[in-house]
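S.K.: My structure is below; once you've seen it, I'll send some questions.
Rule-based calculations on the coordinates, nothing more; no lab input. This one's a predicted model, so the numbers in the text were calculated from it and none came from an experiment. Note: ideal-geometry Cβ built from the backbone for every residue, glycine included; neighbour counts use all protein chains shown.
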Amino acid sequence: MSDDPTIFEQIIDGDIPGRIVYETETVAAFLDANPLAPGHTLVVPKEPYERLDELPDDVAADVWAAVQELTPRIEDAVDADATTVGVNNGPAAGQEVPHVHVHVVPRFEGDGGGPIHAVAGSRPNLSDAEMDEIAADIEASD
Ligand code: 5GP
């Protein structure tokens with residue numbers, strides 16, 4: 001965590017304007033200022049953890065509970081057919097604001113967007129042995 005307040009802390013603190021739609025002791029949600037779709041909402045822990053793995057378990061649970069609660073409310077508000085929910089977890093994944101945030105992006109039939117499968121680069125051609133090794137490394141890590 002850096003000492004300077006992130007843009008999201010400034011919104012939560014009321015220091016800059018933001019359309020806050022949800023707030024608890026640990027979590028806030030507000031409309032994205034540059035929405036990918038009407039109703040595009042960011043769900044954030046109030047504390048400025050940078051990456052998902054830094055979230056304490058209870059805060060992570062609170063963030064996910066907020067995502068679950070808000071998703072149907074957001075869909076209803078903009079009459080969406082679905083939502084894409086995702087996190088840019090680190091700069092290489094496109095994270096620009098170093099404060100964990102879950103994007104809830106309303107989706108509409110025929111909106112021209114793609115699935116989450118479209119976000120990565122070209123697909124790797126992995127052998128079974130390589131897949132086994134990756135799975136073993138993940139399982140064994142702590
Ligand atoms: P990231 O690329 O870090 O996953 O996404 C950051 C998001 O924050 C972007 O979608 C961007 O539009 C949004 N954003 C950046 N600055 C502001 C701001 O000042 N207010 C609000 N509401 N959203 C912002």
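S.K.: Applying 1/(1 + (r/R0)^6) with R0 = 25 Å to the Cβ-Cβ distance of residue 88 and residue 135, what FRET efficiency is obtained, to the nearest 0.05? Walk me through the numbers on the way to the answer.
M.R.: Values: r = 25 Å, r/R0 = 0.98.
E between residue 88 and residue 135, to the nearest 0.05, is 0.55.
S.K.: Further question on the same structure: Which of the peptides 91-104, 36-49, 14-27, 117-130 is most tightly packed, and how do the rest follow, judged by the mean count of other Cβ atoms within 10 Å per residue? Write down the numbers at each step before the final one.
M.R.: Details: 91-104: 16.5, 36-49: 20.4, 14-27: 13.6, 117-130: 7.9.
Per-residue mean Cβ counts within 10 Å order the peptides as 36-49, 91-104, 14-27, 117-130.
S.K.: For the chain, what does the helix formula give at 222 nm: sum of -39500 (n - 2.57) over DSSP H segments with n ≥ 4, over the residue count, nearest 500 deg cm²/dmol?
M.R.: Roughly -9500 deg cm²/dmol at 222 nm, from the helical runs in the chain.
S.K.: Which shape class, rounded, prolate or oblate, goes with the range 8-84 when its Cα gyration tensor gives a ≥ b ≥ c as root eigenvalues, a/c under 1.5 marks rounded, and past that a/b bigger than b/c marks prolate? Write out the running numbers ahead of the final one.
M.R.: Working: a/c = 1.96, a/b = 1.29, b/c = 1.51.
Oblate.
S.K.: Can you tally the net charge around residue 12? Count Lys and Arg as +1, Asp and Glu as -1, for every other residue whose Cβ sits under 11 Å from the Cβ of residue 12.
M.R.: -4
S.K.: Tell me, what is a quarter of the convex hull surface for the C-alpha atoms of the chain, in nm² with one decimal? If you can, show how the numbers build up before the last one.
M.R.: Values: hull surface 42.4 nm².
Reported value for the Cα convex hull: 10.6 nm².
S.K.: Sticking with this structure for a sec: What is the distance in Å between the Cα centres of the range 24-49 and the range 86-122?
M.R.: 14
S.K.: Do you know the relative contact order of the chain, to the nearest whole percent, from alpha carbon pairs under 8 angstrom that are 6+ apart? Don't skip to the end; give the middle numbers.
M.R.: Values: 179 pairs, mean separation 31.0, N = 142.
In percent, rounded to a whole number, it is 22.
S.K.: Another question, then. Quick check: pseudo-label points 7 Å beyond the Cα along Cα→Cβ at residue 109 and residue 58, how many nm apart are they?
M.R.: Using points 7 Å along Cα→Cβ, the separation is 4.5 nm.
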